[in-house]
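Every number in this text was worked out from the coordinates using simple rules, so none of it is lab data. Treat the numbers as computed from the prediction; the structure is a model and nothing was measured. Glycine also receives a Cβ, built like all others from the backbone with ideal geometry; neighbour counts cover every protein chain displayed.
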Amino acid sequence: MMVTIILFGLISVLIVYFTILNRTLRVFMYHKLSDSKSDKLTVKIDVFESQLLYLKKHNYNPITIAQLSSFQNNGIKLPKKPVLITFDDGYQNNYIYLYPLLKKHKLKATIFLPVGFIGKSNIWDKGDEPIMNVTTLKEMDSTFIEFGLHSFLHNNYSKITEEQLIQDILNSKAKLIENSIPFVPAIAYPYGSYPRDKDNYIKFTNTLKSQGILFGFRIGNKVNRLPLSDVFSVKRIDIKGSDSFFKFKLKTLFGRIKIF
């Protein structure tokens with residue numbers, strides 16, 4: 001009798017867990033890939049491929065922001081265990097390493113572009129790492145890659161005025177349209193920064209709405225519940241090159257684990 005009660009309890013817990021899992025969204029945040037080094041912003045390609053294989057093995061389904069929009073705004077069903085794989089800054093190494101792996105494994109990802117630096121380098125970090133140019137961006141098949149905005153000049157959105165924010169979005173959209181680069185109306189906030197006090201946050205999100213932006217992505221390191229309660233505060237899980245594989249698995253399940 002006791003064994004039956006315990007088994008029933010375990011089954012109930014599993015049912016609840018998997019029900020919740022299918023009503024959540026994990027958004028992974030990456031920056032750079034490399035064949036030889038790893039650091040806070042750089043994941044080695046063999047490690048990244050292992051992470052992709054883990055997601056596939058455990059039946060996570062990478063989606064696009066376009067799919068998320070169809071779900072959030074029109075009720076179009078998402079696949080079970082949806083995840084978003086996102087990359088910030090549009091580094092050339094995304095084209096060299098990310099794009100072939102996505103094609104190899106038939107997966108999708110979103111790259112958020114600092115539009116004013118297309119074809120240049122990561123000047124905001126005083127670096128010289130190349131950012132993809134227009135030709136490279138247009139070579140990438142939309143089956144596997146979609147583009148979003150990461151501001152025009154990698155601006156800190158917590159430190160600019162409403163007028164500057166509007167101009168930033170207008171400049172970003174204009175350059176992409178001028179170069180016939182398709183994009184989704186979504187922004188990943190550079191440095192994860194945005195106005196935190198309530199009144200300024202409301203003004204900020206109203207400005208984004210007025211410019212046709214549908215989603216705003218922060219960091220947060222938490223799993224999102226679906227449907228999203230705040231489309232301008234979508235939380236992303238920061239995946240670092242220094243993370244062990246065990247830590248990646250924990251982040252996939254729970255987001256940030258404070259004991260680590």
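Numerical summary
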read-out: Cα convex hull volume per residue for the chain (Å³); value: 150
read-out: Within the chain, helix-based [θ] at 222 nm, where runs of 4 or more DSSP H residues each add -39,500 (n - 2.57), nearest 500; value: -11500 deg cm²/dmol
read-out: Förster radius 35 Å - calculated FRET efficiency between Ser50 and Glu178, Cβ distance, rounded to 0.05; value: 0.35
read-out: Dipole of the chain, positive end: most advanced residue of Asn59, Ser233, Val43 [Cβ charges, Cα centre]; value: Asn59
read-out: Calculated from backbone phi, Karplus (6.51, -1.76, 1.60) coupling profile of the range 101-117 in Hz, x at Gly/Pro; value: 5, 4, 5, 4, 9, 6, 10, 10, 8, 10, 10, 8, 9, x, 4, x, 9
read-out: Cα gyration tensor shape for the range 109-260, rounded if a/c is under 1.5, else prolate or oblate; value: oblate
read-out: Ser36 versus Lys159: modelled label distance in nm, points set 7 Å from Cα along the beta carbon direction; value: 3.4
read-out: Nearest-20 debye value, the chain charge dipole, Cβ charges on Lys, Arg, Asp, Glu; value: 1040
read-out: Fully extended contour minus Cα-Cα distance, from Ser142 to Ser242, at 0.36 nm per residue; value: 33.0 nm
read-out: Set of lysines near Lys37 by C-alpha distance (under 17 Å), chain-local residues within fewer than 8 positions excluded; value: Lys240
read-out: Extension gain, Arg23 back to Arg256 (0.36 nm per residue minus Cα-Cα distance, nm); value: 82.0 nm
read-out: Nearest-0.05 FRET efficiency for Asp199 and Leu228, computed from C-beta distance (R0 30 Å); value: 0.85
read-out: Partners for Lys198 among aspartates and glutamates (Cα-Cα distance below 18 Å; same-chain residues under 8 apart left out); value: Glu162, Asp230
read-out: Options Tyr189, Phe245, His150, ranked by Cα towards positive dipole end of the chain, top entry (Cβ charges); value: Phe245
read-out: Gap separating the Cα centres of the range 169-213 and the range 96-158, nearest whole Å; value: 16
read-out: Added length on full extension, which subtracts the Cα-Cα distance from 0.36 nm per residue, Thr207 to His58; value: 49.7 nm
